[in-house]
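K.L.:
Handing you a structure now.
The values are calculated or read from the model by the stated rules, or taken from the named source; none is laboratory data. No experiment lies behind these values; they were computed from the predicted model shown. Don't worry about glycine lacking a Cβ; one is built from the backbone with ideal geometry, like all the others, and counts go over all protein chains shown. Heavy atoms of the whole protein, side chains included, go into the accessibility calculation; ligands, DNA and RNA do not. Shrake-Rupley method; radii C 1.70, N 1.55, O 1.52, S 1.80 Å.
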Amino acid sequence: MRVSRDAFFVRGPRIFGGYEWVETAASRRTVGGSDVVLCWDERVGVPAALMAGTRNHPPVVTGVIWLADVAGRRPGSLKIARCALRRSSRIFTLSTAQIPPLRTQLGIPEGRFSHVLFGVDSTFFRTSVNPPKKGLVVSVGNDRHRDFETLIRGLSQGWSRLAELRLAELRLELVTARNVAVPPWLGRRRNRLTLPEVSDLYRAASMVVVCLRPNLHVSGVTVVLEAMASGRPVVVTDTPGIRDYVDHGRTGILVPPYDTDALAEAVVHLVLDPDRAAALGAAARLDVEHRLNTEAQARRFATLLREL
């Protein structure tokens, strides 16, 4: 059964915790003969877990992404999840930092949680034979944990430092649907690009910068891994979740939240030391090939399901 996400009878029930009640109920017939139900996140996983105790319903394995972070959590969502997720067979997270607070908030034993590293398509996102454009900084993303104020302020400081040295120029290509003002002398904002266009932009970049507000659910990981797969050095806000994916000083540079000086210093350093930037990008690419690609993620899910 196909359900329109814009239908009133779908949008109405979704206000209760933000979960997809109607969509999940509509799929009940299709999952009846399954060995297990695998849900990517709690929006579907919570309703599915509630059904797990009913007759002939297979066990449920679900991811949890947003519940560990208070910011943006819908009223009542945790209370509903606490009741539902106790019926799930396993809960997985993309960040190890999520597990302790979730274990406490949900009252679920530690053994029911698993950490599954995220991965990207390392064949679609690939390195370029052409050298990067010196000083081209790329940043991509839309979610509520993006810190565009620190991004603009930090890069503006970096631009000023490079202008004083007269050794290089800095230009920002920001891809976001958010209404972010980019000074014309610093660069431009592009509302939306196709995936191939984003891939090309990564490969042309001198570096990819992702500024974040503190969070546990590894906000920004998709962009970070896509850039790493493209062989580009990444400068990322140091959040607990991102530490599972970026090894500071080896596959990227982590900077403290809201620290514009540290961001400017990291960017200027990579612009003025292209060999260092290339070494970070090469190590990042190898890390994606080894453990942060979609094939490796699928193997981790297979192992998780076999353990049920």
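K.L.:
Could you list, in sequence order, all residues of region 222-259 that are among the basic types (Lys, Arg) and either farther than 21 Å from Asn293 by Cα or assigned to a loop (DSSP other than H, G, I, E, B) (or both)?
P.N.:
Initially, region 222-259 is screened for residues among the basic types (Lys, Arg), giving 232, 243, 250.
Correct list: Arg232, Arg250.
K.L.:
If the requirement is being on the phi > 0 side of the Ramachandran plot and surrounded by fewer than 17 Cβ atoms within 10 Å (Cβ to Cβ), which of these qualifies: Gly33, Gly76?
P.N.:
Gly76
K.L.:
Out of Ala163, Ala181, which single residue is aliphatic (A, V, I, L, M) and part of a loop (DSSP other than H, G, I, E, B)?
P.N.:
Numbers: Ala163 fails: part of a loop (DSSP other than H, G, I, E, B).
Among Ala163, Ala181, only Ala181 is aliphatic (A, V, I, L, M) and part of a loop (DSSP other than H, G, I, E, B).
K.L.:
Given the conditions (1) open to solvent by less than 10 Å² (accessible area, probe 1.4 Å); (2) outside any helix (DSSP H, G or I), which single one is not true for Pro214?
P.N.:
(1)
K.L.:
On to the next question. From the list Arg192, Arg203, Arg250, Arg178, which one is of a type outside the set (Ser, Thr, Tyr), farther than 25 Å from Ile65 by Cβ and free of Cβ contacts under 8 Å to residues at least 40 places away in the same chain?
P.N.:
On the way: Arg192 fails: farther than 25 Å from Ile65 by Cβ; Arg203 fails: free of Cβ contacts under 8 Å to residues at least 40 places away in the same chain; Arg178 fails: farther than 25 Å from Ile65 by Cβ.
Of Arg192, Arg203, Arg250, Arg178, the one residue that is of a type outside the set (Ser, Thr, Tyr), farther than 25 Å from Ile65 by Cβ and free of Cβ contacts under 8 Å to residues at least 40 places away in the same chain is Arg250.
K.L.:
Okay, moving on. Could you list, in sequence order, all residues of region 188-205 that are under 28 Å from Arg161 (Cβ atoms) and open to solvent by less than 10 Å² (accessible area, probe 1.4 Å)?
P.N.:
Answer for region 188-205, where residues must be under 28 Å from Arg161 (Cβ atoms) and open to solvent by less than 10 Å² (accessible area, probe 1.4 Å): Tyr202, Ala205.
K.L.:
Still on this structure, please answer the following. Only one of (1) over 21 Å from Ser199 (Cα atoms); (2) open to solvent by 20 Å² or more (accessible area, probe 1.4 Å) fails for Gly241. Which number is that?
P.N.:
(2)
K.L.:
Scanning for something open to solvent by less than 60 Å² (accessible area, probe 1.4 Å), of a type outside the set (Ser, Thr, Tyr), more than 30 Å from Gly158 (Cα to Cα) and more than 18 Å from the chain's Cα centre (by Cα), does region 110-130 turn up at least one residue?
P.N.:
Yes - at least one qualifying residue is present in region 110-130.
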